[in-house]
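First the structure, in the form of structure tokens, and then the observations on it.
The values are calculated or read from the model by the stated rules, or taken from the named source; none is laboratory data. Note that the structure is predicted; figures quoted are calculated from it, not measured. We place every Cβ from the backbone using ideal geometry, glycine too, and count neighbours over all the protein chains shown. Please note that ligands, DNA and RNA were not included when accessible areas were found on the heavy atoms of the full protein model with its side chains. Shrake-Rupley method; radii C 1.70, N 1.55, O 1.52, S 1.80 Å.
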Amino acid sequence: MSTSPESGRERPATGATGSRVTSHEPRLLVATGVRKAFGSVEANRNASLEVARGEIHALVGENGAGKSTLMRILAGLHAPDDGRVELDGRDVTGWSTRQAIDAGVGMVHQHFMLVPTLTVAENLVLGREPRRGARLDRAAARAEVETLGTRTGLVVAPDRLVSDLSVGEAQRVEVLKVLWRGARLLILDEPTAVLSPPEVKDLWGVLRRLTAEGSTVVLITHKLDEVMEISDTVTVMRAGETVGRIATRDASPAAIARMMVGREVRLATDRPEAGGSGPQDEPSHDSRAMSRAALDVKALVVASGRGDDAVRGVSFAIPPGEVFGIAGVEGNGQSELVEAIAGLRRVSSGTIHLGARDITSLGMRERGDAGLSHIPEDRHRRGLVLDYAIADNLILGRQHHFTRRGVLDRGAIAANAATQVAGFDIRPPDPRLPAAALSGGNQQKVVIAREMGREFPVLLACQPTRGVDVGAIEFIHARIRAAAAAGRAVLLVSADLVEVLALADRVAVMYDGRFVTVLPRAQASAAVLGPYMTGLAGRGATTP
Amino acid sequence: MIILAFIVQTLRIATPYLLAASGGLLSERAGIIALTLEGWMLTSAFCAALGAHYAQSPWVGLLCGVAGGIVAAALHAVASIRYRANQVVVGIAINLLAIGTTRFFLRLAFDSSSNSPRVPGFDWFTSSGAGAGGVLDTLASLLNPLVVAGLLALPVVGWLLANLPLGLRIRAVGEKPEAAESLGVDPARVRWVAVLAAGALTSLGGVYLALDQHQFTDNMTAGRGFIALAAVIFGNWRPARVAIACVLFAAAETLQIQLQGLQLVPSQFVEMIPYLLTIVALAGIVGRAVPPAALGKPTA
């Protein structure tokens, strides 16, 4: 299966900033000229990476820039088509996961590589089981979890099933797994995507401790504030190529973003007080609330499907022109709340009004026609049919508006597609391509074009920028701001607190199925909201 | 006496279920759909009759049957693991193939379209089996290595899954093969081992059928592989519950046989029981059955 790679063609990394770092540390890992194609898609073209021993190295780049592929090559999950990987000066190109593990290279994947039906201890030892005779030595496995937990501060009960763990705990198990296998080089693929701010702090603590003990960390992330906070060195990738490497102390978020995208970007953290996307006068909130709410949710209770309630009595109203943000750690009922409003999930009690109209028991199509747009949180599961052409994806759920005498009107569909592809800058701009051929950011643009490229008084935007690159985030944020400026009501749910704070006029924190606090933007900050998100503050607070 | 006879008959009817279900459990826990139990059993029943006939020895029949079952399992493994084919389609194909090939070779080897000649079985202590009356005779009919194997199969598979490193790997591969792979465990290899072992275990069920009836008859498994699969599902993929399900299905069948004269319920309704219970289990009417998460999904 592994194409035997030729020895590295020493192509120098392109990019003006390529040689800004003169490393004094001995280089632990060097990858040069790495190329890897999947079918006709070249994930890595000329990727390189140099990691010094004992540092925390951030690898950043847009979605689809090839970061994960490069990391998977380093961890032995893929063999490169070309190029060279060296660990400690030894050529390890195209090695297996087993060899990588034995050499002390361990990867914590973005999507956890844990078996949910096994216990923490079983997950830890899988593949390298301690034995007593021919048997699996459970006591030893359990003891390993405890010893390692004490040593590193990553404490998890060894006999719990992984399916019962919180995301933060599951990630601890992932890191433990890697450390237990003697990793000296830890690769973490977007480790903070699912963590609450306090959990992120804990993780940083662990990583600093590990590097202090001599380990080395490579961290993939989208979040530039994290890069600035935790890393020593940054490598930037774009379109499968390494475009630069820079010491973090010499870098700025704006500079890194520019390298990632290849042009100037406005970052989410910059509130567009001066931005060109519409009036941002301090929302005269009271007066707006007086006017009729565009979306009015009262005492909503939604069952979780696991025997209890996921949403336990949530009420709020969003006036036209407001972005109402819901922050919170995932799994606290946000998804169920949005799905109930969107019509994907049945409501146990409570009402939902769209303007004056009660839509609580309407079907999906009727809700859509009533003016409800929905950007679902998982574009692959709910947002797109990956095998369908872009043009067809652009009318999903609205296909009844594109028929003539009961038959799909291809002309109208093509015209619609042409407009939307141009209007939302979907690339490549060929509506006949299947959605699967697009990058994550462009797939998301297809969903957004479908939901926002029409009349809609109310928009439900659920994780609208999950897994998309900086450029697309900028674009999507601008669209959401413009929608609000044009008088649409927006319900924004995001696990990314930065995003909520960047867009929302009011912020609610959802914990355990309830709003534990609702604050105007001016009073909300990560520091204020953090304790609410983990349930430390506001417990017992009720929603009216 | 009636109760003893009932228990003994239940165990004998349960034997092929227990053996096939233990194979099915092993295969499914590794993520390979065990829709082929029927085909594996039929193949091994034929091979067993063939071997026992030519060597005039049940032991040779046993060996041949197991070999046949393993070959059939390997066919399944090649298609669904090596070539990542749709396991349901492969399963149906192998079942149909088994019916056809056994029929073909039945004609070729024994020049018959219905059954093989009489072959020796494992009935060492019974005078002649059918019609014999005494308590000892009834009990002696259980002194059959395959009946014993049937009683041990699920406990052994259960123990293996829980206590061997290989068992841990099988469970991991059936739930999340990519996790196993990221730790240097080769999911394809684990599945191969599991499927071949499943073929061997299941084939014992087929061997039992042929040797117990002292002949191979066309399509003699008559859906027993599906009943075993139903037991795996109804047992929620847990060894103890699967064993209970097998015995339960066998008891229902025994009851139906013993009450045949009375015509209380048409026998067809009794035959429906396993399938109805399977639907009940899958529909979650009494606690939902949760299959291994990666069941039927090819590994990368």
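One table, with the values for the structure above:
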| quantity | calculated |
| --- | --- |
| Set B:Val157, B:Val185, B:Val193, B:Val89: member being assigned to a loop (DSSP other than H, G, I, E, B) and of a type in the set (A, V, I, L, M) | B:Val185 |
| Verdict on B:Tyr54 being under 24 Å from B:Asp186 (Cβ atoms) and aromatic (Phe, Trp, Tyr) | no |
| Unmet requirement for B:His214, which otherwise passes all of (1) open to solvent by less than 30 Å² (accessible area, probe 1.4 Å); (2) on the phi < 0 side of the Ramachandran plot | (2) |
| Any chance B:Trp192 is within 11 Å of chain A (Cβ to nearest Cβ), closer than 27 Å to B:Lys297 by Cα and aromatic (Phe, Trp, Tyr) | no |
| Verdict on A:Glu273 being modelled with pLDDT of 65 or more and of a type in the set (Asp, Glu) | no |
| Considering residues of region B:11-49 that are open to solvent by 10 Å² or more (accessible area, probe 1.4 Å) and of a type outside the set (A, V, I, L, M, F, W, C) only, the residue nearest to the chain's Cα centre (by Cα) | B:Glu38 |
| B:Val66 of a type outside the set (Phe, Trp, Tyr), part of a helix (DSSP H, G or I) and either open to solvent by 30 Å² or more (accessible area, probe 1.4 Å) or more than 17 Å from B:Gly24 (Cα to Cα) (or both) | yes |
| Scope region A:158-168; condition open to solvent by 40 Å² or more (accessible area, probe 1.4 Å) and closer than 22 Å to A:Gly328 by Cα; matching residues | A:Ser163, A:Asp164, A:Ser166, A:Val167 |
| Matching entry among B:Leu229, B:Leu168 (being in a helix (DSSP H, G or I), within 14 Å of another protein chain (Cβ to nearest Cβ) and surrounded by 24 or more Cβ atoms within 10 Å (Cβ to Cβ)) | B:Leu168 |
| Residue within region B:253-274 that is away from chain A (no Cβ under 14 Å) and either under 28 Å from B:Asn86 (Cα atoms) or in contact with a Cys (Cβ under 6 Å, 6 or more places away or on another chain) (or both) present | yes |
| Search result, residues across region A:77-91 that are within 16 Å of A:Phe38 (Cα to Cα) and either surrounded by fewer than 21 Cβ atoms within 10 Å (Cβ to Cβ) or within 14 Å of another protein chain (Cβ to nearest Cβ) (or both) | A:Leu77, A:His78, A:Ala79, A:Asp81, A:Asp82 |
| Which numbered condition A:Val311 fails, given (1) of a type in the set (A, V, I, L, M, F, W, C); (2) under 23 Å from A:Pro464 (Cβ atoms); (3) free of Cβ contacts under 8 Å to residues at least 40 places away in the same chain | (3) |
| Residue within region A:374-385 that is closer than 23 Å to A:Arg488 by Cα and part of a strand (DSSP E or B) present | yes |
| Failed criterion for B:Leu152 (all others in (1) away from chain A (no Cβ under 14 Å); (2) closer than 19 Å to B:Gly23 by Cβ; (3) open to solvent by 10 Å² or more (accessible area, probe 1.4 Å); (4) touching a residue at least 12 places away in the same chain (Cβ under 8 Å) hold) | (4) |
| Residues within region B:70-107 that are of a type outside the set (Val, Ile, Thr) and under 21 Å from B:Ser57 (Cα atoms), tallied | 2 |
| Filtered residue count, region A:182-214, keeping only those that are open to solvent by 30 Å² or more (accessible area, probe 1.4 Å), among the hydrophobic types (A, V, I, L, M, F, W, C) and either at pLDDT 90 or above or outside any loop (DSSP other than H, G, I, E, B) (or both) | 1 |
| Scan of region A:101-125 for residues that are assigned to a loop (DSSP other than H, G, I, E, B), touching a residue at least 40 places away in the same chain (Cβ under 8 Å) and under 30 Å from A:Leu70 (Cβ atoms), ordered by number | A:Gly104, A:His109, A:Gln110, A:Phe112, A:Met113, A:Leu114, A:Val115, A:Pro116, A:Leu118 |
| Some residue of region A:132-145 being part of a loop (DSSP other than H, G, I, E, B), away from chain B (no Cβ under 12 Å) and buried (at least 20 other Cβ atoms within 10 Å of the Cβ) | no |
| Selection count, region A:102-131, where residues are within 27 Å of the chain's Cα centre (by Cα), surrounded by 24 or more Cβ atoms within 10 Å (Cβ to Cβ) and at the interface with another protein chain (Cβ under 8 Å from one of its Cβ atoms) | 4 |
| Scope region A:431-449; condition surrounded by 14 or more Cβ atoms within 10 Å (Cβ to Cβ) and assigned to a loop (DSSP other than H, G, I, E, B); matching residues | A:Pro431, A:Leu433, A:Leu438, A:Ser439 |
| Region B:75-95, residues that are among the aliphatic types (A, V, I, L, M) and open to solvent by less than 30 Å² (accessible area, probe 1.4 Å) | B:Ala77, B:Ala79, B:Ile81, B:Val90, B:Ile94 |
| Single residue of B:Ala52, B:Ala34, B:Ala45, B:Ala74 found to be part of a helix (DSSP H, G or I), within 27 Å of B:Ala179 (Cα to Cα) and in contact (Cβ under 8 Å) with a residue 40 or more places away in the chain | B:Ala74 |
| One residue from B:Pro266, B:Pro291, B:Pro239, B:Pro274 being modelled with pLDDT under 85 and closer than 27 Å to B:Ala72 by Cα | B:Pro274 |
| Sole residue being buried (at least 21 other Cβ atoms within 10 Å of the Cβ) and charged (D, E, K, R), chosen from A:Asp409, A:Asp469 | A:Asp469 |
